[in-house]
Amino acid sequence: MPIKSRIRTVPHYPHQGIMFRDITTLLKDPIGLRTTIQEIVHRYKDVRIDKVAGIESRGFIVGTPVAYELERGFVPIRKRGKLPAETVGRDYQLEYGSDRIEIHVDAIQKGDRVLLVDDLIATGGTAEAAVRLIEDMGGIVVECCFVIDLPDIGGRARLEKMGQKVFALCEFEGD
């Protein structure tokens with residue numbers, strides 16, 4: 001069965017009119033989880049990557065086994081105040097306000113080639129902030145990789161407008 005068939009849709013979460021794409025059903029399915037990681041690893045096994053960076057929190061779940069299989073280090077990109085050592089950060093806009101993501105100052109070296117991973121691309125605000133944060137540190141984003149793309153919301157186009165390559169295992173249109 002394809003990955004898309006293992007993703008649950010939760011209507012009206014977290015707000016009325018939102019069709020939330022829930023990957024917990026994909027993650028709890030051993031075949032779905034294995035297939036997800038294998039497909040991502042297969043795409044990047046012959047690509048020069050120094051580090052895999054995952055966006056909190058589901059990007060950690062997907063990105064860590066990808067980094068392990070590619071034999072690369074994993075870099076967590078976290079919400080404000082969650083990392084214990086010195087950090088640098090980037091603010092970004094949400095639908096109702098703003099937020100901040102941070103990374104340790106020693107996580108990415110100048111010239112590091114970084115694969116950015118998250119579970120879903122919707123508006124692209126968090127992913128854009130993560131790309132800019134990696135670039136602020138001197139890293140080069142090889143590609144932005146997602147399990148799910150919601151193309152009608154515009155995040156993919158937003159990243160591509162920045163010159164980023166974007167890959168998703170599946171998409172849900174009209175959301």
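The values are calculated or read from the model by the stated rules, or taken from the named source; none is laboratory data. Here the structure is a predicted model, which is why all the values come from computation and not from measurement. Glycine also receives a Cβ, built like all others from the backbone with ideal geometry; neighbour counts cover every protein chain displayed.
Residues in the stretch 10-58 that are part of a loop (DSSP other than H, G, I, E, B) and among the basic types (Lys, Arg) were compared, and the one that is nearest to residue 103 (Cα to Cα) is 48. Residue 52 - would you say it is of a type outside the set (Gly, Ala, Ser) and touching a residue at least 60 places away in the same chain (Cβ under 8 Å)? Judged against the criteria, residue 52 is a match. Answer yes or no as to whether residue 41 is farther than 24 Å from residue 168 by Cα, at pLDDT 95 or above, surrounded by fewer than 19 Cβ atoms within 10 Å (Cβ to Cβ) and aliphatic (A, V, I, L, M). Answer is no for this residue.
Determine whether residue 159 is within 27 Å of residue 36 (Cβ to Cβ) and either touching a residue at least 40 places away in the same chain (Cβ under 8 Å) or in a strand (DSSP E or B) (or both). No.
Restricted to strands (runs of 3 or more DSSP E) entirely inside the stretch 70-115, those with at least 3 residues that are more than 22 Å from residue 165 (Cα to Cα) are 87-94, 97-104. Identify all residues within the stretch 88-104 that are among the aliphatic types (A, V, I, L, M) and buried (at least 17 other Cβ atoms within 10 Å of the Cβ); write none if there are none. 101, 103 - these are the residues of the stretch 88-104 that are among the aliphatic types (A, V, I, L, M) and buried (at least 17 other Cβ atoms within 10 Å of the Cβ).
Assess whether residue 7 counts as being closer than 16 Å to residue 146 by Cα and in contact with a helix residue (DSSP H, G or I) (Cβ under 8 Å, 6 or more places away or on another chain). Spelling it out, residue 7 is indeed closer than 16 Å to residue 146 by Cα and in contact with a helix residue (DSSP H, G or I) (Cβ under 8 Å, 6 or more places away or on another chain).
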